[in-house]
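Have a look at the structure below before the remarks.
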Amino acid sequence: MSKNNKAFNYNEKMLTRLRIQFIVLSMAVVIIMQGFIVYTSVRNTYNKMVSKSDHLVSSIYINILDQKPVKADARYFYIIFDKNNNPKTINVDNISDISEDEALAIYYEAYETGELDGFYNGYRYCIYEKEKRTIAIFVLRSNMIDDVKKTALSLIEGSCVGIGIMLLVLIFASKLIVMPIAKAHRKQKEFITSASHELKTPITVIRADADILLMDDENNEWLADIKKQAENLTTMTNNLVTLARMDER
């Protein structure tokens, strides 16, 4: 294989490597940014849902304490326990598709999680423990939870589409972007190789002439200095050639 073919293959490999590195780095930045946007959007939507649900649970609890009729546009049930933790009141008037036994079972399952508030089985619940009684309130939030999940899914799908489009754009644009870098690198390597070969001949002549002259005048310090500097130039030239070959490998 000729030197020109070797140089061409090397330049193609270097260009491909630069393109891959550029695409990978750019895609990593895009994915991180998209992930942060999706996470922030979903988190804000979730926090709003939790805030609204907690406000509703709190208003129901206050009305229960004040023994006022609860006016809430939601499906819910609540259970009041006495000081011995026995169910005293189980109110399922505002949610018709579960019985008192089912409501009590949901309460015990949620209570076993060890959390006094949170989400369980589509309900936003809060368990208020007082000295004389315990009040557990469960508000059905399954529709809002589904909306949050749909929002998250839509954002993820949109981000995936955007990432795919960005990948295609980078594939087409990367060649144009890294081309100047590859071209500059190729010219630099060619210059080093050419300069090294061009310098070898005059340096060799200088060293040979200095050696011949030193045969007639061994104590001539000027000739000795010329020979020494020529040897230094030879070492530097060899180092340049070695560097260029290492770069190719």
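The values are calculated or read from the model by the stated rules, or taken from the named source; none is laboratory data. Keep in mind that this is a model prediction, so the values were computed, not measured. All Cβ positions, glycine included, derive from the backbone under ideal geometry; neighbour counts span all protein chains shown. Only protein heavy atoms, including side chains, enter the accessible area calculation; ligands, DNA and RNA are left aside. Shrake-Rupley method; radii C 1.70, N 1.55, O 1.52, S 1.80 Å.
What the table below lists for this structure:
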{"quantity": "Evaluated at q = 0.09 Å⁻¹: base-10 log I(q)/I(0), Debye formula over Cα of the chain", "calculated": "-0.67"}
{"quantity": "Per-peptide average of other Cβ atoms within 10 Å, ordering 13-24, 208-219 highest first", "calculated": "13-24, 208-219"}
{"quantity": "Between 0 and 90°, nearest 10: helix 100-111 axis offset from the chain longest Cα axis", "calculated": "40"}
{"quantity": "Helix-only CD estimate at 222 nm, as mean residue ellipticity for the chain, using -39500 (n - 2.57) per DSSP H run (n ≥ 4)", "calculated": "-26500 deg cm²/dmol"}
{"quantity": "Segment residue 96-residue 41, extension gain: residue separation times 0.36 nm, minus the distance between their alpha carbons", "calculated": "16.4 nm"}
{"quantity": "Nonlocal Lys pairs with alpha-carbon distance under 14 Å, segment 52-183 (8 or more apart, or different chains)", "calculated": "4"}
{"quantity": "Sulfur and carbon atoms: percent of accessible area, the chain [1.4 Å]", "calculated": "57"}
{"quantity": "D_trans [Stokes-Einstein, Kirkwood Rh over alpha-carbon pairs] for segment 106-204, 20 °C, 1.002 mPa s, µm² s⁻¹", "calculated": "105"}
{"quantity": "Top positive-direction residue, dipole computed over the chain with Cβ charges, set 126, 47, 61", "calculated": "47"}
{"quantity": "Rounded accessible area per residue of the chain, 1.4 Å, Å²", "calculated": "69"}
{"quantity": "Folded to 0 to 90 degrees: helix 142-216 orientation relative to the chain principal axis, Cα", "calculated": "10"}
